[in-house]
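In what follows, a structure is listed as C-alpha cells, so that the remarks can point back to it.
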Amino acid sequence: MLNIWNRLAIRSRLYIALALLLSATLIIALSIQTHLYQTSRLQDVFARELPAQLDALGNDIALRIEPGITGSSMLVNSTYLQNWVRAGAPVSEHGAITAYLSAMHERLGADNLFITPHINGQTYFYLYDQGELIVREVLTDSGDDWYFNFVGSGQTYELNLNTDEFTGDSLFIFVNYSSQVRSGQNPLIVGGVGMNMDQLTSMLQDYRIGETGRVMLANRQGEIEVRSATGILPSLSALPDAQDILAAERRFEVREITIGGEELLIGSLWLPSIQRFIVAEIERREIMAPIRQLLHISLIVGAVLLLVCTAVLWPVVHNLSQPIVQLQRQVRHITANLDLGERVQLRDKAELGDLADHINSLIDRIAGAISEVNVTAENTSAASTQLTGYATDVSHSAQEQQSSLESVSASMEEITGQVREVADLAHNVSDHSEQGRAQLQQATDHLEASVQKITALETSLQKNEQDLARLKTTTDNIVQVIDVIRGISEQTNLLALNAAIEAARAGEHGRGFAVVADEVRTLSSRTHDSTNDIQAMILQLTGAVDEVYARMQESARHGEDGLSSVVETQSLLSKMASGLASIFDLNRQIASGTQEQSTAVSEISHHMTLLNDHGRRTRDLCEQTDTATRNINKEVEKLRANVGVFQGI
C-alpha cells in the first residue's frame, strides 16, 4: 500500500489527503454533534420532560382519589357514627345507619362505603353497596388481614388496590381511614370508601409518553399494581439501586436498564397522597429516534457538502500543484538534454521559487565542477602518459635487479651449504671431544676410587697387623696360663697321691676319702693331658699367627708401594686432563662459532631470498603499475567523453 501511495503523483496525493482530512473532520464534527445532542436530549428528558409529565399525571391521579380520602375522613370521624358505636352499635338502628350511609354515598359519589367499628372487644365489618348493608364479624383467619395490618402500621390512612367478592373483576381502590377516637388499643372506627378504578386503569393503560412510553403504578414494595398490556418492567426491584429508591421513597429517579435485549429508560415518582410510585417506561430508541433522524439528515448534508468540497478541491489542488509540475518538466528537460546552460524559471516566488533558485545554483555549481573535471581529466591524461613511460623504465630496471638478486641468492645458497658442512664437522669434533672429556673424567674417577680402595686396604692391613700383634700377645699369655694350670694339676696329682696314702693308712674309715682322692687324681691326670693338648694347639696357633703377621707386614709394604704408584699416576692423569680440557674447550668454541656463522649465513640467505621475493613483487608491481597507468589513460578518455556529453559548459 505504501509503495502504491509513493507512486501517486503529488497532485493526487495532495487531493486524496485533503479529501480524507475533510471527511475525517466532517465525521468527527457529526459524531461530536450527535453525542452532544444525545446528551442534551437525555438530560432534557431526565430533568424536565419526564418529571413534568409524571408530576402532571400524579396530580391528575391525586385529584381523582383525593375526594375519596376526604370522604373517608368525614365518615370515620362522624359524631353520629361514633355515638352509635359507643352505644354498642344496636341492631335496632341499622335502618338509620343504612340511611346515613346512603346519604354519604350520594354525597361522596363513591361506589361503596364500609366501616369497621370496634365494639366491646369485637370488630365488625359493615359494607354499604347498592343500597344494601352487609354485616359480618372481622376474623383473623377469614381474609381480613388488611384490617390488622393497617391497625398495626399506625398510619392515619392507606390505599389498597384490590378485587374481591364485592368488586367482581373490577379494580377498586379502598381508602382505609382510622378515626382519631380510639377504643382501647384499636381505633374506634376504621372505615372508608371504595372507588371503581376502571377509568383510572384505562387512563393509565392508554396513557402514552411519546409514542411508546407507558405508565404504571407500583406499591411501596415495588410491585406493579397497574400496568399497560405492553409493559416490560416486571417490578421496581429490577432497577439498579432499587432498595435505596424504595426505602427512601425519593421524589424522582431515572434509571437506564436493559430487559430482554430492549434498552429502557425508567422514571419513578413517589406520590405521597396515594402512597404509590407512578412509573414511566420509555424505550430508549424512541428518544434516540429524532437524533438518528437528525444524524441521517446531517450525514446526507455532510455527504453533499463533501462532494461539493471535493469537486471544488480538485481545481484548487491542480492550481497549487501546477508550479511543482512545471518544475518537474523543466528539470526533466535539463536532465534529458544534459544542457547545463538552461535554467529553471517559475513565476512562483514562495517555497517552490526558492527551490528553483537553489536548483539553478546547483546547476551552476555542477557546470563549474564538470568544467574543472574536464580540465583535470586533460591534465590527468598528460600525467598518466608520462607516468606510463616512467613505469615502463622502472619495470625494466626491476627485471635487471631481479636477475642480479637471483644470481646472488644462488651464490648465497652454495655458501650456506658449505658453511653448514663445516658447522656439522665442528659439531662432530665437539661431540667427540665431549666424549673424550667424559671418558677421561671416568678414568680419573676410577683411579680416584682405586686410590681410595688401596688406602682403605692399607688401613685395613695395618689394623690386621695390630690385631695379629694383640693375638700373639694373647697366645703368649695363654701359654703362661697353661703352664700355671699344668703346675697346679701336677701338684693336685701329688696331693691326691698323698691323700690315697693317708686313706690307706686310715683303713676302713678312710675308704671314702680314698675314693675321692682317686677321682681327684684321675681328674688331675685328665687336666694334665688336656693342658698338654691345648699347649700343643696354642703352639701351632702361635706359629700360624707369626707366619700371618710376617705376610701381613709384607702385604702392607707392597700396598704402600702400590699406593705411591697410583698417586703418582693420578697426578699425571690430572695434568693430562687439564690439557685435554683446554683442547675440548677450544673445540666447543670452534663448534659454537661455526654454528653461529652457519646461522648468520642462513639468515643472510633467508634475507636474500626475501629480497629476491621483494624484487619479484617489485617487478610485478611495476608491471601492474604500467597496466594501471594504461587503464587510467583509458578511464580518463572515457571521463572526457562523458564530460563532453554536457552542453552549455
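Pairing residues of segment 259-270 that are of a type outside the set (Val, Ile, Thr) with residues that are surrounded by fewer than 13 Cβ atoms within 10 Å (Cβ to Cβ) and assigned to a strand (DSSP E or B), at Cβ distances under 8 Å and at least 6 apart in sequence or on separate chains, gives Leu264/Thr258.
Return yes when Leu327 is in contact (Cβ under 8 Å) with a residue 24 or more places away in the chain, surrounded by 15 or more Cβ atoms within 10 Å (Cβ to Cβ) and under 54 Å from the mean Cα position of the chain (by Cα) and no when it is not. Break it down stepwise before answering.
Details: in contact (Cβ under 8 Å) with a residue 24 or more places away in the chain: yes; surrounded by 15 or more Cβ atoms within 10 Å (Cβ to Cβ): yes; under 54 Å from the mean Cα position of the chain (by Cα): no.
So Leu327 does not fit the description; no.
Regarding Leu295, is this residue of a type outside the set (Lys, Arg) and part of a helix (DSSP H, G or I)?
Working: of a type outside the set (Lys, Arg): yes; part of a helix (DSSP H, G or I): yes.
Judged against the criteria, Leu295 is a match.
Within the span defined as segment 330-340, one or more residues are among the polar types (S, T, N, Q), surrounded by fewer than 16 Cβ atoms within 10 Å (Cβ to Cβ) and in contact (Cβ under 8 Å) with a residue 12 or more places away in the chain. Taking the listed residues Leu299, Leu306, Leu271, the one that is in contact with a helix residue (DSSP H, G or I) (Cβ under 7 Å, 6 or more places away or on another chain), within 22 Å of Thr39 (Cα to Cα) and modelled with pLDDT of 75 or more is Leu299, with no other qualifying.
Between residues in segment 18-33 that are within 20 Å of Leu320 (Cα to Cα) and assigned to a helix (DSSP H, G or I) and residues that are modelled with pLDDT under 85 and not hydrophobic (A, V, I, L, M, F, W, C), which pairs lie under 9 Å by C-beta distance while being six or more apart or on different chains? If the second residue must be modelled with pLDDT under 85 and not hydrophobic (A, V, I, L, M, F, W, C), the pairs left are Leu18/Thr310; Ala19/Thr310; Leu22/Thr310.
Determine the pairs where a residue that is under 20 Å from Arg557 (Cα atoms), located within segment 464-480, has a partner that is among the polar types (S, T, N, Q) and modelled with pLDDT under 75 with Cβ atoms under 7 Å apart, the partner being 6 or more residues away or on another chain. Every condition considered, the pairs that remain are Glu465/Gln553.
Restricting the search to segment 125-139, which residues are among the aliphatic types (A, V, I, L, M) and either under 60 Å from the mean Cα position of the chain (by Cα) or modelled with pLDDT of 85 or more (or both)?
Just the residues of segment 125-139 that are among the aliphatic types (A, V, I, L, M), to begin with: 127, 133-135, 138-139.
Answer for segment 125-139, where residues must be among the aliphatic types (A, V, I, L, M) and either under 60 Å from the mean Cα position of the chain (by Cα) or modelled with pLDDT of 85 or more (or both): Leu127, Leu133, Ile134, Val135, Val138.
Those strands (runs of 3 or more DSSP E) of segment 140-240 in which at least 1 residues are modelled with pLDDT under 75, considering only elements entirely within it, cover 157-162. For segment 76-91, state whether one or more residues are of a type in the set (A, V, I, L, M, F, W, C), in contact (Cβ under 8 Å) with a residue 60 or more places away in the chain and in contact with a helix residue (DSSP H, G or I) (Cβ under 8 Å, 6 or more places away or on another chain). Among the residues of segment 76-91, at least one is of a type in the set (A, V, I, L, M, F, W, C), in contact (Cβ under 8 Å) with a residue 60 or more places away in the chain and in contact with a helix residue (DSSP H, G or I) (Cβ under 8 Å, 6 or more places away or on another chain), which makes the answer yes.
From the list Ile278, Ile266, Ile282, pick out the single residue that is surrounded by 13 or more Cβ atoms within 10 Å (Cβ to Cβ), in contact with a strand residue (DSSP E or B) (Cβ under 8 Å, 6 or more places away or on another chain) and under 30 Å from Thr70 (Cβ atoms). Before you say what the answer is, go through the steps one by one.
Working: Ile266 fails: under 30 Å from Thr70 (Cβ atoms); Ile282 fails: under 30 Å from Thr70 (Cβ atoms).
Of Ile278, Ile266, Ile282, the one residue that is surrounded by 13 or more Cβ atoms within 10 Å (Cβ to Cβ), in contact with a strand residue (DSSP E or B) (Cβ under 8 Å, 6 or more places away or on another chain) and under 30 Å from Thr70 (Cβ atoms) is Ile278.
Report whether or not Leu63 is surrounded by 20 or more Cβ atoms within 10 Å (Cβ to Cβ) and assigned to a helix (DSSP H, G or I). No; evaluated as a whole, the condition is false for this residue. Going by what's in this entry, would Ala544 be described as in a helix (DSSP H, G or I), more than 28 Å from Gln442 (Cα to Cα), at pLDDT 70 or above and over 60 Å from the mean Cα position of the chain (by Cα)? The answer is yes for Ala544.
Restricting Leu639, Leu621 to residues that are at pLDDT below 70, assigned to a helix (DSSP H, G or I) and in the same structural domain as Glu448 (by TED's automatic domain parsing) narrows the list to Leu639.
Filter segment 299-350 down to the residues that are of a type in the set (S, T, N, Q) and not in a loop (DSSP other than H, G, I, E, B) and list them by number. If you could, list the steps in order and put the result at the bottom.
Taking segment 299-350 as the starting set, the residues that turn out to be of a type in the set (S, T, N, Q) are 310, 319, 321-322, 326, 328, 330, 335, 337, 345.
Matches in segment 299-350: Thr310, Asn319, Ser321, Gln322, Gln326, Gln328, Gln330, Thr335, Asn337.
Filtering segment 517-540 to residues that are modelled with pLDDT of 70 or more and aliphatic (A, V, I, L, M) leaves Val520, Leu523, Ile534, Ala536, Met537, Ile538, Leu539.
Scanning segment 292-317 for residues that are among the aliphatic types (A, V, I, L, M) and either touching a residue at least 60 places away in the same chain (Cβ under 8 Å) or surrounded by 12 or more Cβ atoms within 10 Å (Cβ to Cβ) (or both) yields Leu294, Leu295, Leu299, Val301, Ala303, Leu305, Leu306, Leu313, Val316, Val317.
The values are calculated or read from the model by the stated rules, or taken from the named source; none is laboratory data. Note that the coordinates shown come from a computational prediction; the quantities given were computed from them, not determined experimentally. Neighbour counts run over all protein chains shown; Cβ positions are idealised from the backbone, glycine included.
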